[in-house]
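Novice: Have a look at the structure that comes next, please.
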Amino acid sequence: MEQPPSARVAARAVLKLDFTTRRGDFALTVDAELPGLGITGVFGRSGAGKSTLIDTIAGIARPDRGRVTLGERSFVDVERKVWTPIEQRRVGYVFQDAKLFPHLRVLANLRYGAQRARDGQRGADWERVLEVMDLGALLTRWPNSLSGGERQRVAIARALLARPELMLMDEPLASLDAPRKAEILHYIERLRDEYPMPVLFVSHSVDEMVRIADHLLLLNAGQVVASGPFLELVSDTGLQPHLGRFEAGSVIECTVSSHDEAFELSTLTFSGGSLRVPRLALPLGTRLRARLRARDVALATRDPSDLSITNRVHGRIIDLVQREGPYLDVVVDASGTRLLALVTRESCQRLGLALGTPVVALIKAVALDSRAVGYTRRAR
Amino acid sequence: MSAIDWSEVLGLSLRVAAVATVASLLPAILTAWLLARCRFPGRTLLDALVHAPLVLPPVVVGYFLLLLFGAHGVLGRWLHEAFGIRLAFTASGAALAGAVMGFPLMVRSIRLGLEAVDRGLETAARTLGAGPFDAFVTVTLPLMLPGILAGLVLTFAACLGEFGATITFAANIPGETRTLTLAIYTALQTQGGEAAAARLVAVSLGLAIAALLLAEWSNRRLRAWLHAPC
């Protein structure tokens with residue numbers, strides 16, 4: 001398995017957060033260290049403090065205590081009376097509603113940051129940014145004539161051209177419809193692959209996180225609930241309440257290994273085996289993440305015959321967690337991949353499930369339709 | 001009455017109003033910005049001071065101007081001794097009276113224009129490397145132009161119509177401070193001056209209509225640019 005980007009380049013500028021910011025009655029307290037590369041998903045419900053967090057990093061909000069440092073650079077240190085104003089932090093900020101300047105054409109919007117970038121770095125990769133964000137056809141347009149998705153592409157490019165060392169994205173997909181969301185996610189992936197810098201991506205959608213987050217910072221009511229590698233945290237049963245009951249499930253990193261044209265199926269392989277899923281329009285070798293809801297996974301103690309379900313993953317129970325009502329979350333380890341199954345306590349007793357019991361996880365192919373598996377990762 | 005030359009009166013009125021309007025623009029933008037964006041002690045006092053000419057009788061404003069800028073006034077004496085400038089009973093004084101009377105209108109319009117601009121745009125400019133002043137001038141200022149234009153037109157019109165403060169502070173001196181309204185008043189006070197008064201009223205009407213049309217036209221151009229259709 002490939003190493004996450006955060007581990008590949010450890011020497012990059014790490015973002016250190018240790019502060020308290022008050023806004024009215026609300027206070028956000030953060031003590032966390034975020035990797036210098038890759039996308040950190042900042043996740044939480046509305047009111048959890050996501051916007052306050054990135055506003056403090058950008059210099060829009062002033063913390064009441066503590067410090068923010070990126071590598072060697074101190075953005076703010078209240079106790080030492082250090083304050084770097086917004087414009088000197090070189091932090092790209094992509095706003096939920098793009099915030100393009102309405103009196104300037106797209107080209108002038110893009111130039112705004114580029115012209116103010118540090119001397120010597122000016123305009124170095126102008127052409128490449130336009131190419132990566134597909135902006136060639138939009139340059140002479142006015143912002144008000146752009147669609148929501150186009151606006152966000154311009155906003156991302158505008159931020160990039162100012163040559164930031166850190167990129168903050170405040171729910172950049174919130175005002176877009178589903179096809180536009182997928183489109184912009186694709187551009188954010190290109191941003192991550194082309195420009196090596198830490199990206200903080202704020203969202204309250206687990207789906208968006210599953211697709212792009214390498215690291216997760218989970219906030220709740222102004223506190224950090226967890227911070228760590230995304231795949232570890234997302235399958236952590238203890239964190240499930242914060243991720244939302246409906247979304248309880250596991251995320252599997254896998255590779256497209258074959259297509260079956262006759263039956264219109266594709267095969268995905270992962271460390272614990274393989275999955276047959278409805279045909280995916282993706283090239284062989286594409287790495288992706290498949291999201292599997294706990295309610296879509298059934299358990300058996302031996303391989304059943306005469307069953308329509310083709311996806312059978314062998315593993316061992318490593319945890320049993322009591323849920324509300326008649327349910328239990330059963331955590332199954334399949335050669336390093338964690339699967340979550342939601343079963344009733346009654347079934348659990350009937351099958352005699354306990355820690356260490358070898359089980360077969362049964363997953364219907366239909367549970368892994370394009371909505372769950374559409375999450376492309378960089379192809380290698 | 002032949003003593004009143006309408007073209008001379010018109011020229012003087014336009015000059016006085018133009019000087020008053022242009023000279024109050026920068027202070028008005030600064031005041032509007034202070035009132036809209038800043039919290040400081042004395043803010044309420046500044047607000048009240050700026051708006052005083054709206055609620056005070058113009059003659060009272062003229063009286064205060066005399067107190068301050070008259071030959072024996074605190075500022076008037078200093079201006080005269082230091083720079084040789086006299087304001088009371090001069091065309092510059094008429095412009096000052098017009099500017100003071102029109103100032104609240106200008107500040108109000110500009111402030112409305114300023115408050116209509118999304119502050120997030122300035123924040124966005126800051127994240128792109130612009131300092132606070134740079135961001136204000138390149139982003140907020142262009143976007144508040146409709147408010148500034150409205151302020152200019154209102155102030156210009158108010159100056160043309162100013163009477164009470166002007167006659168108190170600058171008096172009614174032909175060729176120096178006798179603007180349109182003062183000339184109309186003078187003509188009506190003079191025997192056989194009705195025809196001259198009618199001519200001046202016609203000029204005044206024409207001027208008002210021209211100003212309105214010009215304002216409407218430039219406002220439309222401005223909005224077309226700011227709202228930027230394809």
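The values are calculated or read from the model by the stated rules, or taken from the named source; none is laboratory data. From a predicted model like this one, the values you see are computed outputs, not experimental measurements. Don't worry about glycine lacking a Cβ; one is built from the backbone with ideal geometry, like all the others, and counts go over all protein chains shown.
Novice: Looking at this structure, is A:Arg80 part of a loop (DSSP other than H, G, I, E, B), in contact (Cβ under 8 Å) with a residue 24 or more places away in the chain and not aromatic (Phe, Trp, Tyr)?
Specialist: Answer is no for this residue.
Novice: Hey, among the residues in segment A:158-186 that are part of a helix (DSSP H, G or I) and touching a helix residue (DSSP H, G or I) at 6+ places or on another chain (Cβ under 6 Å), which one's modelled with the highest pLDDT?
Specialist: The selected residue is A:Arg158.
Novice: Here is a further query. Among the residues that make up segment B:163-173, is at least one of them more than 18 Å from B:Glu8 (Cα to Cα), crowded, with 19+ Cβ neighbours inside 10 Å, within 14 Å of another protein chain (Cβ to nearest Cβ) and not hydrophobic (A, V, I, L, M, F, W, C)?
Specialist: Looking through segment B:163-173, none of the residues is more than 18 Å from B:Glu8 (Cα to Cα), crowded, with 19+ Cβ neighbours inside 10 Å, within 14 Å of another protein chain (Cβ to nearest Cβ) and not hydrophobic (A, V, I, L, M, F, W, C).
Novice: Taking segment A:35-77 only, how many residues are away from chain B (no Cβ under 14 Å), part of a helix (DSSP H, G or I) and among the hydroxyl-bearing types (Ser, Thr, Tyr)?
Specialist: 1
Novice: Quick check: anything in segment A:137-156 out of contact with any helix residue (DSSP H, G or I) (no Cβ under 7 Å at 6 or more places or on another chain), exposed (fewer than 15 other Cβ atoms within 10 Å of the Cβ), part of a helix (DSSP H, G or I) and more than 8 Å from every other protein chain (Cβ to nearest Cβ)?
Specialist: Within segment A:137-156, one or more residues are out of contact with any helix residue (DSSP H, G or I) (no Cβ under 7 Å at 6 or more places or on another chain), exposed (fewer than 15 other Cβ atoms within 10 Å of the Cβ), part of a helix (DSSP H, G or I) and more than 8 Å from every other protein chain (Cβ to nearest Cβ).
Novice: Is it the case, given these coordinates, that A:Ala178 is under 30 Å from A:Arg73 (Cα atoms) and among the aliphatic types (A, V, I, L, M)?
Specialist: In short, no.
Novice: From the residues in segment A:96-110 that are assigned to a loop (DSSP other than H, G, I, E, B) and farther than 20 Å from A:Ser175 by Cα, which one is nearest to the other protein chains (Cβ to nearest Cβ)?
Specialist: A:His103
Novice: Residues that are among the basic types (Lys, Arg): list the helices (runs of 4 or more DSSP H) wholly contained in segment B:163-228 that include at least 3 such residues.
Specialist: Result: B:194-227.
Novice: Just the residues that are part of a helix (DSSP H, G or I), within 30 Å of B:Leu54 (Cβ to Cβ) and at the interface with another protein chain (Cβ under 8 Å from one of its Cβ atoms), please, taken from segment B:113-156.
Specialist: B:Pro142, B:Leu143
Novice: Report, ordered by the first and then the second residue, all pairs with beta carbons closer than 6 Å, sequence separation of six or more or different chains, a first member in segment A:226-242 that is more than 17 Å from A:Ile317 (Cβ to Cβ), and a second member that is in a helix (DSSP H, G or I) and at pLDDT below 80.
Specialist: Close Cβ pairs satisfying both conditions: A:Ala226/A:Leu239; A:Leu233/A:Leu239.
Novice: Which numbered condition trips up A:Ala98, out of (1) modelled with pLDDT of 90 or more; (2) among the small types (Gly, Ala, Ser); (3) at negative phi?
Specialist: (3)
Here is a yes/no grid of residues against (1) more than 28 Å from the chain's Cα centre (by Cα); (2) among the β-branched types (Val, Ile, Thr); (3) in a loop (DSSP other than H, G, I, E, B); (4) at pLDDT below 90:
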residue: A:Thr267; (1), (2), (3), (4): no, yes, no, no
residue: A:Val277; (1), (2), (3), (4): no, yes, no, yes
residue: A:Pro283; (1), (2), (3), (4): no, no, yes, yes
residue: A:Leu292; (1), (2), (3), (4): no, no, no, yes
residue: A:Leu299; (1), (2), (3), (4): yes, no, no, no
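Novice: Out of (1) closer than 30 Å to A:Met167 by Cβ; (2) in contact (Cβ under 8 Å) with a residue 24 or more places away in the chain; (3) buried (at least 18 other Cβ atoms within 10 Å of the Cβ), the odd one out for B:Ala187 is which?
Specialist: Status for B:Ala187: all satisfied but (1).
Novice: OK, next. Looking at B:Ala88, B:Ala97, which is the one that is outside any helix (DSSP H, G or I), of a type outside the set (Asp, Glu), more than 14 Å from chain A (Cβ to nearest Cβ) and surrounded by 17 or more Cβ atoms within 10 Å (Cβ to Cβ)?
Specialist: B:Ala88 is the lone residue from the list that is outside any helix (DSSP H, G or I), of a type outside the set (Asp, Glu), more than 14 Å from chain A (Cβ to nearest Cβ) and surrounded by 17 or more Cβ atoms within 10 Å (Cβ to Cβ).
Novice: Within segment B:53-71, is there a residue that is within 14 Å of chain A (Cβ to nearest Cβ) and either modelled with pLDDT of 95 or more or out of contact with any Asp or Glu (no Cβ under 6 Å at 6 or more places or on another chain) (or both)?
Specialist: Within segment B:53-71, not a single residue is within 14 Å of chain A (Cβ to nearest Cβ) and either modelled with pLDDT of 95 or more or out of contact with any Asp or Glu (no Cβ under 6 Å at 6 or more places or on another chain) (or both).
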